[in-house]
Amino acid sequence: MSTKIKVIIPCDEANHVCDKTQYREATLWEKIKLNIHLIYCRACRKYTKNNTKLTKAINGSKVECMDRVSKETLKENFDKVLSEQAH
């Protein structure tokens, strides 16, 4: 039985770990493998940089979500107007 430690990861896995890191779901080992991958992969460095910018923009925004009742009322109004337009 082989007990090789896989350190080199493909780009799709690196991007997945980057996404997990954004939501604080990546393990320490995954972060280490990601950082090793980022040393030699320019495309994934760019992906990670853009992901970091996106995270900062979202966390820094002051967006307030609509409550459930307001969403349902808005949907009902849309449906009513759409049904009137169909006739």
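The values are calculated or read from the model by the stated rules, or taken from the named source; none is laboratory data. Quick caveat: nothing in here was measured; it's all calculated off a predicted structure. Using ideal geometry, Cβ is built from the backbone for each residue, glycine included, and neighbour counts are taken over all protein chains shown. SASA here: full protein model, heavy atoms, side chains in, ligands and nucleic acids out. Shrake-Rupley method; radii C 1.70, N 1.55, O 1.52, S 1.80 Å.
Before we move on, is ASN59 in a helix (DSSP H, G or I), surrounded by 10 or more Cβ atoms within 10 Å (Cβ to Cβ) and of a type outside the set (A, V, I, L, M)?
For ASN59, the condition - in a helix (DSSP H, G or I), surrounded by 10 or more Cβ atoms within 10 Å (Cβ to Cβ) and of a type outside the set (A, V, I, L, M) - is not met.
Select from the range 18-48 the residues that are within 20 Å of ASN59 (Cα to Cα) and not in a helix (DSSP H, G or I) and list them in ascending order.
Across the range 18-48, the qualifying residues are TYR23, ARG24, GLU25, ALA26.
Name every residue in the range 62-87 that is more than 30 Å from the chain's Cα centre (by Cα), part of a helix (DSSP H, G or I) and not β-branched (Val, Ile, Thr), in order of residue number.
GLU76, ASN77, ASP79, LYS80, LEU82, SER83, GLU84, GLN85, ALA86
For the range 1-35, enumerate the residues that are over 17 Å from the mean Cα position of the chain (by Cα) and surrounded by 11 or more Cβ atoms within 10 Å (Cβ to Cβ).
Across the range 1-35, the qualifying residues are ILE9, PRO10, TRP29, ILE32, LYS33, ASN35.
Pairs needed: first member in the range 35-58, within 14 Å of ASP12 (Cα to Cα); second member anywhere, among the hydroxyl-bearing types (Ser, Thr, Tyr); C-beta distance under 8 Å; at least 6 residues apart or different chains.
LEU38/THR48
Out of (1) open to solvent by 100 Å² or more (accessible area, probe 1.4 Å); (2) within 19 Å of the chain's Cα centre (by Cα), the odd one out for LEU38 is which?
(1)
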